Amino acid sequence: MTTPENNSTLERQRSIPDIVLAAIVIVGGIAIIIYASGMKLLNTGQMGPGLFPTLIGWLLIIFGAVLLFQGVRGKAPAADDADVEALSAEEYEQSHEVQTGGEGGAYALVAESPGRLLFNGLVVVAGILAYIFLADTLGFIITLFAVLFAIMVVLREKVLMAAIYSAAFTIVLYLAFEKGLLVQLPNGILGF
């Protein structure tokens, strides 16, 4: 039972980093929509070049608003150790159906050091920049596969799984955009 003295410790705490990031994302979404509105419209009734940037802008605004709401709402206070019921490993596995054993076992959340988190973020940014600079030369298929594969391997995914995921994602995106939506992707050295 909470007393008035420790009621202040049970209040939600706002997340300033989430609020700042949400504001940046929302402003970015608005900027993308403004930029896309300047693209020429097609008189044929087909989708114009500004459709996808506009959709992305709206998605950024929506997800930014969700993040802003969560940041302003704050995080729930942590429960005291006395309020938490201790479970044995067997009880936890039964209640959460954790699958152990097999080749990989169960996935576990591992606390990463701030330096490793920064490195992971820089790897993803470097991958995006590599795609931007190499896509016209190498083409969509080679560049996307190579960038995704490199990112996954650096982020500690198994090599075989990284190759499978990269190939599957590349094929799905190629078929969705090039064949389904008729969006011309960079051909590069392969010619397709």
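So, of the residues in region 159-180 that are open to solvent by 60 Å² or more (accessible area, probe 1.4 Å) and touching a residue at least 12 places away in the same chain (Cβ under 8 Å), which turns out to be farthest from Leu144 (Cα to Cα)? Result: Tyr165. Does any residue of region 132-147 turn out to be free of Cβ contacts under 8 Å to residues at least 60 places away in the same chain, of a type outside the set (Lys, Arg) and more than 22 Å from Gln184 (Cβ to Cβ)? No: region 132-147 contains no residue that is free of Cβ contacts under 8 Å to residues at least 60 places away in the same chain, of a type outside the set (Lys, Arg) and more than 22 Å from Gln184 (Cβ to Cβ). When we screen Gly121, Gly115, Gly188 for residues that are in contact (Cβ under 8 Å) with a residue 24 or more places away in the chain and not polar (S, T, N, Q), the only hit is Gly188.
Of the helices (runs of 4 or more DSSP H) lying entirely inside region 7-107, the ones with 1 or more residues being at pLDDT 90 or above and surrounded by 10 or more Cβ atoms within 10 Å (Cβ to Cβ) are found at 16-37, 51-73.
Selection of region 151-171 for residues being closer than 17 Å to Tyr131 by Cα and β-branched (Val, Ile, Thr) yields Ile151, Val153, Val154, Thr170, Ile171.
The values are calculated or read from the model by the stated rules, or taken from the named source; none is laboratory data. Being a predicted model, the structure only gives us computed values, none of them experimental. Here the Cβ is made from the backbone with ideal geometry for all residues, glycine too, and neighbour counts use every protein chain on show. Ligands, DNA and RNA are stripped out before the accessible areas are found, and what is left, the full protein with its side chains, is counted by its heavy atoms. Shrake-Rupley method; radii C 1.70, N 1.55, O 1.52, S 1.80 Å.
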